[in-house]
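Asker: Got a structure for you, written out below as structure tokens; questions coming shortly.
Throughout, read-outs are computed from the coordinates displayed, never taken from laboratory work. From a predicted model like this one, the values you see are computed outputs, not experimental measurements. Reconstructed Cβ throughout: ideal geometry from the backbone, glycine too, with neighbour counts over all protein chains shown.
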Amino acid sequence: MEYKQIINMSDELMARINELLSHYPADKKKSAMLPVLHAVQDAHDNWLSLELMDKVAEILEVKPIEVYEVVTFYSMFNQKPVAKYMFEFCRTACCAIRKGEDLMDYTCQKLGVKQGEITPDGMFSVVGVECLGACGFGPMLQLGDNYHENLTKEKIDTLIEDCKQGKVNLY
């Protein structure tokens, strides 16, 4: 499925990109790829279309494939539209041993979606991601910039309700 996205490289976004680039040698623009991709994704509903990735390649003076490689490697970059609240469950060993996958399935069932789908109202999606580095606190998920650790069904129920009520700060 191909997704369309309005590309808005606003003056504010370009100023942010230029500020990020100022931290790197002029002949090493590629070094700014991760922070630039974050800035561009944040300005475009939390996802990156091919057109946006091509624009980042142009700005960084690299081949588009170099940007695609980074975007497809890291789970923090989204290649299709995502919900406002994207529950990113760690699905690696430490969390799996502590029933993280069961909690991910529970969340999908509670929201009426499969992994990677978005609820009809655009509010929620559930995805499995690789290790989020909180191995001693699993099972866990990331929601925006925040970790939710030592999860239980009750904690997930509360988190979903808090999201519905607009009580969850993503950043």
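Asker: By the scheme Lys and Arg +1, Asp and Glu -1, what is the net charge of all other residues having a beta-carbon under 11 Å from that of residue 13?
Answerer: -2
Asker: No solvent, one uniform scatterer per C-alpha: report log10 I(q)/I(0) for segment 85-165 via the Debye equation at q = 0.22, 0.26 1/Å, two decimals.
Answerer: Reported log10 I(q)/I(0), two decimals: -0.97, -1.35.
Asker: Starting from the amide H of residue 138, placed 1.01 Å from N in the peptide plane, find each other amide H under 5 Å away whose residue is 5 or more places distant or on another chain.
Answerer: Those qualifying (amide H under 5 Å, at least 5 residues apart or on another chain) are 150.
Asker: Of 114/167; 84/164; 84/110; 84/167; 30/80, which sit over 19 Å apart, Cα to Cα?
Answerer: Result: 114/167; 30/80 exceed 19 Å.
Asker: Would you grab the residues whose amide H sits under 5 Å from the one on residue 83? Only those 5+ places off in sequence or on another chain, please, with H modelled 1.01 Å from N.
Answerer: Amide H neighbours of residue 83: 125.
Asker: Only helical DSSP H runs with n ≥ 4 go in: add -39500 (n - 2.57) per run for the chain, normalise by residue count and round the 222 nm mean residue ellipticity to 500 deg cm²/dmol. Could you put the intermediate results ahead of the total?
Answerer: On the way: 7 runs with 71 residues, N = 171.
Counting only the DSSP helices, I get -12000 deg cm²/dmol.
Asker: Follow-up. Could you work out the relative contact order of segment 29-162? I mean the mean sequence separation of Cα pairs under 8 Å and 6+ apart, divided by the number of residues, in percent.
Answerer: Dividing the mean separation by the residue count of segment 29-162 yields 21 percent.
Asker: Tell me which cysteines of the chain come out unpaired when the rule is another cysteine's Cβ under 4.7 Å.
Answerer: Singleton cysteines: 108, 131, 163.
Asker: Give the aspartates and glutamates reachable from residue 99 as a straight Cα distance under 18 Å; neighbours fewer than 8 places away on the same chain don't count.
Answerer: The qualifying aspartates and glutamates are 88, 130, 149, 154, 157.
Asker: Considering only DSSP beta bridges with both partners in the chain, what is the antiparallel share in %, to the nearest 5?
Answerer: For the chain, the DSSP antiparallel bridge percentage is about 55.
Asker: Right, next: Whole-Hz ³J(HN,Hα) for each residue in segment 121-129, computed from phi via Karplus 6.51 cos²θ - 1.76 cosθ + 1.60 with θ = phi - 60°, x for glycine and proline: what do you get?
Answerer: Each residue of segment 121-129 in turn: 7, x, 7, 10, 8, 10, 9, x, 10 Hz.
Asker: Here's another thing I want to ask about it. Report the gain in length on full extension from residue 93 to residue 63: 0.36 nm times residue separation, minus Cα-Cα distance, nm rounded to one decimal.
Answerer: Details: separation 30, 0.36 × 30 = 10.80 nm, distance 3.55 nm.
Taking residue 93 through residue 63 to full extension adds about 7.2 nm, to one decimal.
Asker: Given all pairs of different Cα atoms, what value in angstroms does the Kirkwood hydrodynamic radius of the chain take?
Answerer: Radius from the Kirkwood sum: 17.3 Å.
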